[in-house]
1. How many angstrom separate the Cα center of region A:1-66 from the Cα center of region A:82-123?
2. How many angstrom lie between the C-alpha centres of region B:444-489 and region B:201-225?
3. Using a 10 Å cut-off around each Cβ, can you sort B:64, B:231 from fewest to most neighbouring Cβ atoms?
4. Let's see if you can work this out: charge +1 on each Lys and Arg Cβ, -1 on each Asp and Glu Cβ, no other charges. What is the dipole magnitude of region B:154-269 about its Cα centre, in debye to the nearest 20?
5. Just flag the trypsin sites (Lys or Arg not before Pro) in region B:66-127 sitting in loop per DSSP whose Cβ has no more than 12 other Cβ atoms within 10 Å.
6. Pull up the cross-link candidates among the lysines for residue B:12, meaning alpha carbon to alpha carbon under 23 Å and not fewer than 8 places away within one chain.
7. Using all alpha carbons of chain B, what is the percent of pairwise distances in each 10 Å bin, ordered from the shortest bin to the longest?
8. Among the aspartates and glutamates, which have Cα under 20 Å from the Cα of residue A:18 when same-chain residues fewer than 8 positions away are ignored?
Amino acid sequence: MTIQELYDAIEGNYAGIKRVLPSDALIQNFILKFLEDTTVERLAKARDDQDASELFEAAHALKGICANLGLDALSRLASVVADEYRPQKPRTMSDEAIGAYLDEFEEKYRKTVDTIAKFKASL
Amino acid sequence: MQASNPVISSEKKTLLIVEDSKMNREILKELLSDDFNILLAHNGLVGLDLMEEHKKSISIVLLDIFMPECTGFDFLERKQTMRGCQTIPVIVMTASNTVEDEIRCLELGASDFISKPYNTEVMKNRIRSIINLRETSSMLNRIEKDRLTGLYSKEVFLHKVSNILQTTQDSYDLICSDIVNFRRMSERYGENKSDLFLRNLAQSLMKGIPDILLGGRISTDIFCFLLRHQDGDWAEATLKNVLGKDHPASFIIKYGLVPNVDHALPPKTLTNHATCAIKNIKGRFDATVGIYDEEFHKEQQRIAYIEEGMLEGLKNREFKVYYQPKHSATEDVIVAAEALVRWQHPKLGFIGPNIFIPLFERNGFITQLDLYVWEEVCREIRHCIEVGFSIVPISVNLSRLDFDIPNLAEKIIALVDKYEIDHSFFHVEVTESMCTDNVEQIAETCKKLHDAGFLIELDDFGSGFTALSYLSQLNVDILKLDVSLMQNAKETRNYSLVRYAILLAESMKMKTVAEGVEVEEQAAALRVLGCDYIQGYYYSKPLPQEEFEPYLLEYESSKGEDYFNRIF
């Protein structure tokens with residue numbers, strides 16, 4: 001599997017990541033590191049704790065990380081969560097509605113990580 | 001602290017990355033480590049420590065905003081208070097933060113934003129250009145001293161003043177020096193000698209001004225200095241003698257002092273204030289230092305306010321013409337009146353001519369106002385003729401600047417003719433003090449008006465500028481004795497100057513008017529001395545149109561007709 005094929009499989013933005021990281025080798029290096037990133041665990045814990053400020057920070061961090069890796073769909077979902085929990089801003093969504101976004105994020109994240117893990121195994 | 005921070009090598013610029021996400025940190029490091037030495041901090045507190053430790057070598061900081069413990073905002077705020085760190089530029093990395101966040105970063109001193117995802121080339125270019133900007137400006141700091149005077153160049157001086165005012169709370173004064181006649185003097189002495197003088201002046205001031213911090217050369221002959229605030233009236237005496245005796249006294253130097261400068265104002269504004277204070281004393285031989293204090297500032301604002309409203313005021317007819325009666329000295333009858341202008345300002349209320357006339361003479365608006373008054377007087381006379389009042393001749397003032405209007409005499413004549421009024425109803429008041437440069441032009445206009453039937457009154461006679469040759473040159477018909485002559489005579493009970501003025505007028509077949517007559521004693525003396533007419537509060541204050549007309553009526557009923565024809 002090429003890097004481009006991997007990006008197609010995880011609904012990533014290959015052209016976008018090319019602007020950040022100029023070579024496939026570099027992209028591969030970092031997309032594999034995504035497997036080790038623990039920010040998503042922070043997000044899950046914050047969700048369990050109902051800790052709004054921690055939810056914001058974790059979501060905001062994921063938004064940036066995913067954007068930098070060309071994982072646009074994940075970045076957009078994280079952005080919705082970050083905006084909902086932005087400090088000093090009133091909430092605009094119901095718990096169910098934002099919960100649905102969080103579920104969607106986690107599911108997509110899981111799929112993405114699984115695909116990357118398979119890609120890693122094939123190397 | 002991060003174990004991965006490398007030993008700093010000298011050829012690459014050093015960049016501090018403050019970012020809590022390990023992933024993003026590593027991407028940045030990967031992208032930038034070929035071009036920069038990278039210091040990594042995983043939160044704001046570590047970032048601040050690293051910055052303090054490496055402040056000499058760090059060229060730029062890349063800063064994330066949302067981090068636990070110490071946010072990017074906290075980082076920027078703390079950085080502003082750290083000596084040696086304030087000028088290190090910061091680029092804020094954002095994952096599309098809100099506009100409020102970005103504004104707050106800019107307010108806290110951030111230089112630029114980079115949004116995630118990073119575009120590598122764009123990011124590198126921004127980092128380089130911001131580093132360059134800082135280095136060129138600090139290079140300027142090192143070399144940009146004016147070679148002739150040793151003072152800082154203008155930009156560097158202003159930049160340094162701005163830094164001092166922003167980073168300290170102490171009180172400072174700002175002084176500007178200006179060689180008022182520099183151009184003329186440098187023509188006379190030549191370039192070398194005037195350069196030498198400039199250098200000596202700069203050096204003397206750097207030595208002579210107390211508690212001085214720095215000096216800059218703002219323009220060829222304007223220097224500016226920042227010093228610690230000094231109490232009291234020290235400036236006039238200190239600066240007057242700052243040059244010592246061996247310098248050519250023909251260079252006239254004036255100073256503007258802004259005491260206790262407002263830290264919130266940009267330095268450019270402060271130097272403007274100082275030069276403004278200089279302008280204010282330029283014509284005054286005895287003053288060396290003009291002070292831009294609270295009072296002066298208010299005055300400047302008031303002037304600005306007046307100037308803003310003058311055109312509108314003319315359009316809205318806020319300028320009102322008042323008429324001050326002139327009486328015959330021997331008979332109790334009104335024989336003429338002087339048109340004076342008052343301003344009913346919609347916001348400032350009543351403003352006297354002593355305030356706005358000098359201002360309008362300076363800014364040139366006086367010519368429009370004078371022509372407006374001419375027209376108002378024409379209307380009034382026309383009105384009186386129409387209703388059947390026996391109107392008296394009205395004198396209207398002309399200012400020096402009016403004589404620069406092309407074909408002034410023709411214009412006045414055309415205006416008066418438009419209202420079909422006999423020229424003899426008008427006196428033209430001119431002052432001898434305005435005959436400083438273009439006497440011929442003024443004389444020519446006066447002659448034209450005189451020949452057309454207007455009478456010429458010479459105002460302020462005896463106020464100190466008298467050149468008797470003007471009397472015939474200007475075709476003067478009536479000599480108007482200055483208020484000061486009358487006041488002086490009243491105080492000293494000595495009317496001999498008044499007497500000679502009247503004799504002089506008689507011998508030249510001119511009539512005399514005394515103005516500023518307040519009491520019976522003065523009026524009685526003038527009668528005895530042969531003065532023809534009297535103007536002043538003794539008879540009447542200046543009257544608005546609605547009071548002037550009844551005043552005319554009152555005297556009309558008691559007097560025979562054609563009275564003034566008999567007099568003039």
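We did not get these values from a lab; they are worked out from the coordinates using the rules stated. Keep in mind it's a predicted model, so treat the numbers as computed, not measured. Backbone-built Cβ (ideal geometry, glycine too); neighbour counts: all protein chains shown.
1. 11 Å
2. 48 Å
3. So the residues, fewest neighbours to most, are B:231, B:64.
4. The calculation lands at about 420 debye.
5. B:83
6. Cα-Cα hits under 23 Å: B:29, B:55, B:56, B:124.
7. 3, 13, 16, 15, 14, 12, 9, 7, 6, 3, 1, 0
8. Candidates past the 8-residue exclusion: A:5, A:8, A:72, B:26, B:30, B:34, B:35, B:121.
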